[in-house]
1. Under a crude label model (7 Å from the Cα following the beta-carbon direction), how far is MET101 from ILE388 in nanometres?
2. LEU418's amide H: which non-local residues (gap 5+, or another chain) put their own amide H closer than 5 Å, with H modeled 1.01 Å from N in plane and none for Pro or chain starts?
3. Go through segment 170-175 residue by residue and turn each phi into a ³J(HN,Hα) via Karplus (6.51, -1.76, 1.60, θ = phi - 60°); whole Hz please, and just put x for glycine and proline.
4. Rank-order 320-332, 55-67 by packing density, defined as the average count of other C-beta atoms within 10 Å over each peptide's residues, highest first.
5. Given H placed on each backbone N at 1.01 Å, which residues far from TYR269 in sequence or on other chains put an amide H within less than 5 Å of it?
6. Segment 335-349 to segment 74-116: how many Å between their Cα centroids?
7. Arranged from highest to lowest average of other beta-carbon atoms within 10 Å per residue, in what order do the peptides 369-379, 390-400, 106-116 appear?
8. If packing is taken as the mean number of other Cβ atoms within 10 Å per residue, what is the order of 255-262, 170-177, highest first?
Amino acid sequence: MAAFADGDPSSSSSCSSWDSDDEYQKFIQKMNPPRVTIDNASCANATIIHVDSANKYGILLEVVQVLTDLKLIVRKAYISSDGGWFMDVFNVTNQSGQKIMDESVLEGIKDYIYKSIAPGSCFLPSRRRAIGVEPSSDYTLIELTGTDRPGLLSEVSAVLTNLDCNVVNAEVWTHNERAAAVIQITDRKTGLAIPDAERLGRIKERLRNVFKGRSRDAKTTVAMGITHTERRLHQMMLEDRDYERYDMDRANANPMPMVSVVNWLQKDYSVVTMRCKDRPKLLFDTVCTLTDMQYVVYHGSVDTEGPQAYQEYYIRHIDGSPVNSEAERKRIIQCLEAAIERRVSEGLKLELSTGDRVGLLSDVTRIFRENGLTVTRAEVSTRGNKAINTFYVRDTAGSLVELKTLEAIRQDIGQTVLQVKGHPDHLKSTAQESLTRFLFSSLFRPRSP
């Protein structure tokens with residue numbers, strides 16, 4: 001029987017191609033359906049999830065992505081997929097660091113994981129196209145990459161507002177002077193996706209002109225489909241080679257992750273080890289990157305029970321070979337360092353919650369820009385008629401955000417609540433004040449359509 005591992009070279013980009021030429025493999029998967037079991041007795045401080053399944057291409061990333069989407073924190077993990085069987089163990093907690101005790105929640109976790117890896121499920125970890133504007137029935141999805149600069153998000157959102165588009169959801173990452181954005185928009189009048197190809201072309205062209213700024217490497221395309229936002233952002237940044245553009249000042253300001261790659265020649269593995277400060281979604285980010293680089297994890301262990309996270313993976317390329325050059329070894333290290341750093345946003349975390357309206361994002365980011373702040377990362381979402389936005393901001397000169405700057409913003413924004421989150425070190429104030437909330441008076445009055 002063929003020995004298939006997660007990302008085995010026998011696979012191709014087609015979901016059905018994993019076993020289309022191997023009826024025996026189909027039979028094995030049918031006779032050995034996935035098993036997901038949950039153990040709440042063996043560990044005092046975590047819920048243990050066992051996942052056993054006939055192996056198939058992409059299964060490790062699929063399971064990790066499911067755990068991440070369920071907002072579970074992986075404290076420890078043991079990975080084994082060297083052969084025809086996938087056997088992984090995950091010690092998880094909820095966001096508060098507690099075991100999951102609710103039986104209905106536990107059953108939901110089991111069901112979600114099972115459906116994602118069951119026979120007939122189709123997971124495609126391959127990179128699908130470069131960048132684009134994707135129409136769907138509910139919204140149009142815009143994807144952009146290019147050179148980062150102060151005020152970029154403000155300019156992009158202003159263009160969308162001028163083109164009668166409403167931003168429903170958006171996520172923006174910046175790293176090493178590069179920026180990537182995934183933005184969901186609707187038509188201002190209908191509240192639905194924009195089906196007009198000619199209008200989409202105009203949106204595409206305007207955004208390309210804004211996003212590229214002084215460079216010529218901005219990307220924007222039009223295509224159909226659905227995407228997993230964070231998965232896609234990792235792909236976009238990797239395709240944009242953000243790992244090659246390194247800011248030495250930033251390296252001096254923040255602790256660098258420790259990443260090493262060595263070959264274990266006796267077993268034809270390359271061993272990847274990583275040590276860095278722990279944070280949410282770290283496992284997802286590193287597994288995403290290895291998969292996008294077309295490397296297969298055959299064995300691995302993860303431990304985050306402490307101030308630092310430790311990850312160790314035994315990998316081969318999908319062609320079955322270990323890392324075969326010094327240049328490739330360095331590229332893996334650079335890419336994993338970039339994956340670890342992309343979510344480590346510099347700046348002050350601001351959370352804004354208010355009634356949604358067309359032009360809201362444009363107004364908020366314009367006020368930031370006019371007061372000398374730049375957005376390093378953003379998460380924009382709409383729940384019903386309410387907009388819930390999170391921004392990481394810093395001074396355009398790289399300095400801490402001053403209290404007087406936030407007070408100037410208060411004069412421009414009104415009648416909503418802005419919560420300041422994160423570390424107080426990101427806020428410069430001459431007074432000994434504890435800043436957790438700003439009440440704004442008279443901003444964001446509903447506009448007439």
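The values are calculated or read from the model by the stated rules, or taken from the named source; none is laboratory data. Because the structure is predicted, anything quoted here is derived from the model rather than measured. Methodologically, a virtual Cβ is constructed for each residue, glycine included, from the backbone with ideal geometry; neighbour enumeration extends over all protein chains shown. Protein only, heavy atoms only, side chains kept; ligands, DNA and RNA dropped before computing areas. Shrake-Rupley method; radii C 1.70, N 1.55, O 1.52, S 1.80 Å.
1. If labels sit at MET101 and ILE388, their model points lie 2.5 nm apart.
2. PHE438, PHE440
3. Taking θ as phi minus 60°, the curve returns 7, 9, 10, 10, 10, 6 Hz for segment 170-175.
4. Going by the mean number of other Cβ atoms within 10 Å, highest first, we get 55-67, 320-332.
5. It is TRP264, by chain and number.
6. 26 Å
7. Listed from highest to lowest mean packing, they are 369-379, 390-400, 106-116.
8. Output ranking for 255-262, 170-177: 170-177, 255-262.
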